[in-house]
1. When you scan the stretch 168-184, do you find a residue that is in a loop (DSSP other than H, G, I, E, B), surrounded by 24 or more Cβ atoms within 10 Å (Cβ to Cβ) and at negative phi, even just one?
2. A278 - would you say it is open to solvent by less than 20 Å² (accessible area, probe 1.4 Å), in a helix (DSSP H, G or I), of a type outside the set (S, T, Y) and under 24 Å from Q18 (Cα atoms)?
3. Of all residues in the stretch 185-207, count the ones that are under 9 Å from V165 (Cα atoms) and in a strand (DSSP E or B).
4. What pairs can you find where one residue is in the stretch 133-159 and on the phi > 0 side of the Ramachandran plot, the other is modelled with pLDDT of 95 or more and open to solvent by 60 Å² or more (accessible area, probe 1.4 Å), and their Cβ atoms are less than 6 Å apart, with a gap of 6+ or different chains?
5. Filter the stretch 193-210 down to the residues that are open to solvent by 30 Å² or more (accessible area, probe 1.4 Å) and in contact with a strand residue (DSSP E or B) (Cβ under 7 Å, 6 or more places away or on another chain) and list them by number.
6. Only residues that are open to solvent by 30 Å² or more (accessible area, probe 1.4 Å), at pLDDT 95 or above, within 20 Å of A10 (Cβ to Cβ) and in a loop (DSSP other than H, G, I, E, B): list them for the stretch 212-255, please.
7. Tell me which residues, restricted to the stretch 23-34, are over 13 Å from K60 (Cα atoms), touching a Gly at 6+ places or on another chain (Cβ under 9 Å) and touching a residue at least 60 places away in the same chain (Cβ under 8 Å).
8. Can you pull out every residue in the stretch 141-160 that is open to solvent by 10 Å² or more (accessible area, probe 1.4 Å) and either aromatic (F, W, Y) or over 14 Å from G250 (Cβ atoms) (or both)?
Amino acid sequence: MTARILDGTAVARTLLEQTAARASAFTERTGRAPLLATVLVGDDPASQTYVRMKRSRCAKVGIGSRAVELPAATTTGELVARISELSADPLVDGILLQHPVPGHIDERAAFEAIAPGKDVDGVTMHSFAAMAFGEPGFHSCTPGGILRLLDAYGIELEGRHAVVVGRSPILGKPVGMLLLARNATVTYCHSRTADLASVVATADIVVAAVGKPELVRGAWLKPGAVVVDAGYNPGNVGDVEYVAASERAGFITPVPGGVGPMTIALLLAQTVDAAETAEKALQPA
């Protein structure tokens, strides 16, 4: 068996084209482009690169960007105050706090300063609750991107057993909630899971999101399983043993080119969603 590639680059391209058309229409109606504010604390090179890439993608689809760069010594209170200002600014549609932030900052407090209507990265407790309860709100971008990628390939989720390896608050936990909302049966695994291999072997769908290179071995997989590798480690290595997994899986995401492009595409799509929602709120009843 040779797995079929879940091409996130191609699916993201389509989503970005749709987003660009919506951004253009918004700009024509309102006289301004949707605006994403990016907040970067410190000078971590990888974070700087990610922020530049996101701002470049904004420009390509007609979304404005506002860069807020703060020194590494910024306190939690100072960061919360700056994010609160952005939340109150009617010209800002979405807010992205690049994470991780320096260790002395309470990242959760900073996330919670983002107004729910501008949480286009889906990182607040409000957004998580909306995902868990099936209420309107923004999806965490990587989990939401994963669901859109699976949908693009017509992969049925209802009634299937999904194993999520990882429990981070912006990836593992929310992707499990989104899968559960689609009537999958979800098992969470993590560093304390006993006999991980035997649990993975029962999965129709595996989402690897633990941040450990090639933790999920190809030999563990049920033949024909759908494998989503949401990990990214140095050397373009994911959390799944890709070559061996490709020989057993039915579908698999490459690293890079799988989940990553979908994450950024959904961030931009949700920024336009936020702008459109704010626009409607200003219209007379």
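1. yes
2. Answer is no for this residue.
3. 5
4. Correct list of pairs: G134/A181.
5. V199, T202, D204, V210
6. Listed by number, the list holds a single entry, V255.
7. F26
8. T142, L147, R148, D151, A152, Y153, E158, G159, listed by residue number.
The values are calculated or read from the model by the stated rules, or taken from the named source; none is laboratory data. Here the structure is a predicted model, which means the values were calculated and not measured. Note that each Cβ is placed from the backbone with ideal geometry, even for glycine, and that neighbours are counted across all protein chains shown. Each accessible area value is taken on the protein alone, full model and side chains, heavy atoms only, with ligands, DNA and RNA left out. Shrake-Rupley method; radii C 1.70, N 1.55, O 1.52, S 1.80 Å.
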